[in-house]
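Colleague: One structure, as structure tokens, below. Some questions next.
The values are calculated or read from the model by the stated rules, or taken from the named source; none is laboratory data. Note that this is a predicted model, so its numbers are computed, not measured. Methodologically, a virtual Cβ is constructed for each residue, glycine included, from the backbone with ideal geometry; neighbour enumeration extends over all protein chains shown.
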Amino acid sequence: MEVISSTYHLPLVLLSIIIAIIDSFVALNLGIRINKARGFARYIWLFGGAFAMGMGIWSMHFIAMLAFHLSIPVTYNLTWVIISIIPAIISSGLALYIVNRSSLGTTSVILGSLFIATGIVSMHYIGMEAMEMGASIEYNPFLWVLSVIVAFFASLVALYLLFYVSQNPKTPRIWWRKTGSALIMGIAISSMHYIGMSAVKFKPYHQHNLSGPTFNSTLLAYSIGIGMLIILGFVFISMVVDQRFESQSIESERKFRSVIESANDAIILADSKGSIISWNKGAQIIFEYEDKEVLGKKLQIIIPEQFREAHQLGMNRYLSTNKPQVIGKTVELQGLRKDGNEFPIELSVATWKEEGNIYFSSIIRDITERKHAEEKINQMVYRDHLTGLPNRHLLNDRLTQALDQANENKHIIIGIMFIDLDRFKFVNDTLGHAVGDHLLIEVAKRIQACVGKMDTVCRQGGDEFIVLLPNTTAEDVTKSAQKIVDLFSHTIVLNEHEMFVTPSIGIALYPSDGRDIETLIKNADTAMYRVKEQGKNSFQFYTPDMNEIVSKKMQLEIGLRKALKRDEFIIHYQPQVDVNSGDLIGVEALIRWQHPEWGTISPADFIPLAEETGLIIPIGEWVLYEACLQNKYWQNKGFLPVRIAVNISSRQFQQSNLVEMVSKTLKTTGLDAKYLELELELTESIIQDSKHAISTMHQLKEMGIHLSIDDFGTGYSSLSYLKTFPIDTLKIDQAFTTNIFTDLKDASLVDTIINMAHNLDLKVIAEGVETLEQLQFLQQRQCNEAQGYFFSRPISAEEMSTVFKEQFLAKIQ
């Protein structure tokens, strides 16, 4: 029998081993790339890697077979050659798939190694079947089994090495580890092939003719080897290029991550299921969760319970319709911290698609401080800083809303109460602004206690308040107003100070008293002033005739402000005579207003208005100057020197420069102070600040000026002040003088005042003497002086000059 001999072409053997090692090295890098890849790219690398690795294993096997030379001609069946490639690719793909799972269990490793070994063994022995020659093939059972065992362990080692490298790509000296692993894998795969070849025995056939063409096996082997090296080189270059891109991507991601981590805002990424996949430091600070506590959890963990359902519905709606409602916008919501506290947030949401999946990015800002600032600004803009009540801006907003509702419903009535505190200025002036502020706070509380929750109490300014009563009735407004008046009948005690203030309330109703904000408030204000004029501490509804009174008053005020500049004021003088002798001993200066259109206006009409507006101060200074100047003129004419009496209002008396003003007037006019008498009316403000009043009076007395108390017996006259005030004369009010014969009480009061004044060494002058009987009564009671129409009405300076001349002539005669 013919013996078939075999030999190996050593260069091709080495080439096959080198290809196995290079293929293993490429496979290790493929494992890393596949592990890092995501989505569709992962599958491309998996299938491409399986093909390249499988072809590498197959080419190593086929080159090794071509390196095996027999003493008989050999050719290969192309069909079986191609079929042998398939198990190599499948086993390679299976290996790459297994090693890129998150974990590698023992069972999966063993089963995987069995399948991979089966594929490699199948590739090898199918390839053997592709040999066509004049001999049959027999296998040594022991070596065959050994080749299978080697294939299994080679697969097992390859899986572990591939898994280790793919999961630890950044291990120090990884290149050396990959190189060592590639040598082990390449030698293991080559060992399986050459052990398998050792198990083969060839028995020749007799009369066998080769059906296929013969070829140069060495040239074919080198061609396959070079082609495979090119393929593997291309794969390796692709991996290097991809790694470069990955490095750039990682660098960009690192920079982006650095920006995200340095942001004070919470930046949270979530998938389409609402699971958190990224959580920056800003989110940790804002929500107080560490990233390990929330990654993989649902976004509901940071959403208050009452908003979770709406949030989920919104996500589902967007995922199903792809129509954004909140996406791309900035909205203000509530967030939930780890400790369960809710807080205001500003949320911006965006989405993007990646490999067919939708992801959400949320930028969340804690706006607690901003909300506090806005609330503070809102408090400053819409709230009264002292009482915390709505101010006029907020009142206008709410009144506008109420008017809009009333315009839609014609049956709605809106009530406006304009409240002004009586005597508040007195509290402020006497106890100080701090006490006044506390009083306003207490007043605000009392008014709020008298109205409903839907009503608005507003501080208009100073001691003025406005109450808005929407959707009300005239009866309900009346009840509320009466309740306020009744509540203020009780005193207010603050810091041991007991105070008593009362409200004057004017009421206007929509639509009868106005259909806009300005008209309603103006008419309520008008009604309030009518309450003031009628005695205060009450309320009154607006009536149209009030506007006529207010209009006249306004015109009078305008005219009064212009009167000084236009020289419309004149002074009349009323003689004051000695009751016993009938001699002219003084005159009283009385102002009159001659308006070019309205004629003569009574002091009773314009003096109270001048007091109210403060115009009494410049008017009073003018009267004092003109009176002093006129008296000096009479003296220069040679007439008998007399005192001239000038009324000083309480507002003038409270001026800090009163003494200086009087002194300057006397100096300018040249009048001696002893010929000036200042008549003071004791008012509440003077009495309450008696220390200042006494000091001022003493300064005036030291100048030589005479002081008298006007309208004694009325107002705030008090016997105790006759002792403390440095006065010279008491002036009996004309109301007592007029009624001394019709009212016994008035006669007794006049008698009492005269006796008391004489006992205190004070002179007495009676006003309003109009009859001889009244004069005789005063003479009998030893009253010192008198004035009135019985002697003379108030006359002009020219007429008074005539009186002086007549008296002068009478004295000469």
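Colleague: Would you call Ala766 over 18 Å from Ser581 (Cα atoms), over 60 Å from the mean Cα position of the chain (by Cα) and of a type in the set (Gly, Ala, Ser)?
Modeller: Here the answer is no, as Ala766 does not meet what is asked.
Colleague: Shifting gears a bit: In this structure, is Phe418 crowded, with 18+ Cβ neighbours inside 10 Å, touching a residue at least 40 places away in the same chain (Cβ under 8 Å) and among the aromatic types (Phe, Trp, Tyr)?
Modeller: Spelling it out, Phe418 is indeed crowded, with 18+ Cβ neighbours inside 10 Å, touching a residue at least 40 places away in the same chain (Cβ under 8 Å) and among the aromatic types (Phe, Trp, Tyr).
Colleague: Right, something else. What residue, of Arg446, Arg423, is in contact (Cβ under 8 Å) with a residue 12 or more places away in the chain, in the same structural domain as Ile517 (by TED's automatic domain parsing) and touching a helix residue (DSSP H, G or I) at 6+ places or on another chain (Cβ under 7 Å)?
Modeller: Just a single option satisfies the conditions, and that option is Arg446.
Colleague: Just for region 566-582: of the residues that are free of Cβ contacts under 8 Å to residues at least 60 places away in the same chain and exposed (fewer than 15 other Cβ atoms within 10 Å of the Cβ), which one is nearest to Val646 (Cα to Cα)?
Modeller: Checked region 566-582; the qualifying residue nearest to Val646 (Cα to Cα) is Asp567.
Colleague: Any idea which of Gln325, Gln312, Gln284 is loosely packed, with under 13 Cβ neighbours inside 10 Å and either not assigned by TED's automatic domain parsing to the domain that holds Ala350 or not charged (D, E, K, R) (or both)?
Modeller: Criteria check complete, one pass: Gln325.
Colleague: Only one residue in Leu560, Leu609, Leu590 is surrounded by fewer than 20 Cβ atoms within 10 Å (Cβ to Cβ) and modelled with pLDDT under 90, so which one is that?
Modeller: Only one candidate qualifies: Leu609.
Colleague: Here is a follow-up. State yes or no: is Glu293 part of a helix (DSSP H, G or I), among the acidic types (Asp, Glu) and at pLDDT 85 or above?
Modeller: Yes.
Colleague: Only one of (1) under 21 Å from Thr218 (Cα atoms); (2) at pLDDT 75 or above; (3) not aliphatic (A, V, I, L, M) fails for Phe47. Which number is that?
Modeller: Here Phe47 meets the rest and fails (1).
Colleague: Kindly indicate whether Gly461 is surrounded by fewer than 15 Cβ atoms within 10 Å (Cβ to Cβ), on the phi > 0 side of the Ramachandran plot and assigned by TED's automatic domain parsing to the domain that holds Thr519.
Modeller: When the stated conditions are applied, Gly461 passes them.
Colleague: From the residues in region 338-372 that are exposed (fewer than 11 other Cβ atoms within 10 Å of the Cβ) and in a strand (DSSP E or B), which one is modelled with the lowest pLDDT?
Modeller: Glu354
Colleague: If you check Phe343, Phe418, Phe360, Phe424, which single one turns out to be out of contact with any Phe, Trp or Tyr (no Cβ under 6 Å at 6 or more places or on another chain) and closer than 30 Å to Tyr43 by Cα?
Modeller: Checking each option against the conditions leaves just Phe360.
Colleague: For region 431-458, what are the residues that are of a type in the set (Gly, Ala, Ser) and part of a loop (DSSP other than H, G, I, E, B)?
Modeller: The answer is Gly432, Gly452.
Colleague: Go through region 784-803 residue by residue and tally those that are within 18 Å of Asn580 (Cβ to Cβ) and among the charged types (D, E, K, R).
Modeller: Matching residues across region 784-803 total 1.
Colleague: Select from region 783-797 the residues that are out of contact with any Phe, Trp or Tyr (no Cβ under 7 Å at 6 or more places or on another chain) and of a type in the set (A, V, I, L, M, F, W, C) and list them in ascending order.
Modeller: Cys783, Ala786, Phe790, Phe791
Colleague: Among the residues of region 251-277, what is the count of those that are of a type in the set (D, E, K, R) and either part of a strand (DSSP E or B) or within 15 Å of Leu347 (Cβ to Cβ) (or both)?
Modeller: Adding up the residues that qualify gives 2.
Colleague: List pairs: first in region 252-274 and within 27 Å of Ser320 (Cβ to Cβ) and in the same structural domain as Leu319 (by TED's automatic domain parsing), second in a loop (DSSP other than H, G, I, E, B) and not aliphatic (A, V, I, L, M), Cβ under 6 Å, 6+ apart or cross-chain?
Modeller: Close Cβ pairs (under 6 Å, with a partner that is in a loop (DSSP other than H, G, I, E, B) and not aliphatic (A, V, I, L, M)) amount to Ile267/Asn280.
Colleague: Does Tyr318 qualify as being assigned by TED's automatic domain parsing to the domain that holds Leu336, in contact (Cβ under 8 Å) with a residue 24 or more places away in the chain and either in contact with a His (Cβ under 6 Å, 6 or more places away or on another chain) or in a helix (DSSP H, G or I) (or both)?
Modeller: When the stated conditions are applied, Tyr318 passes them.
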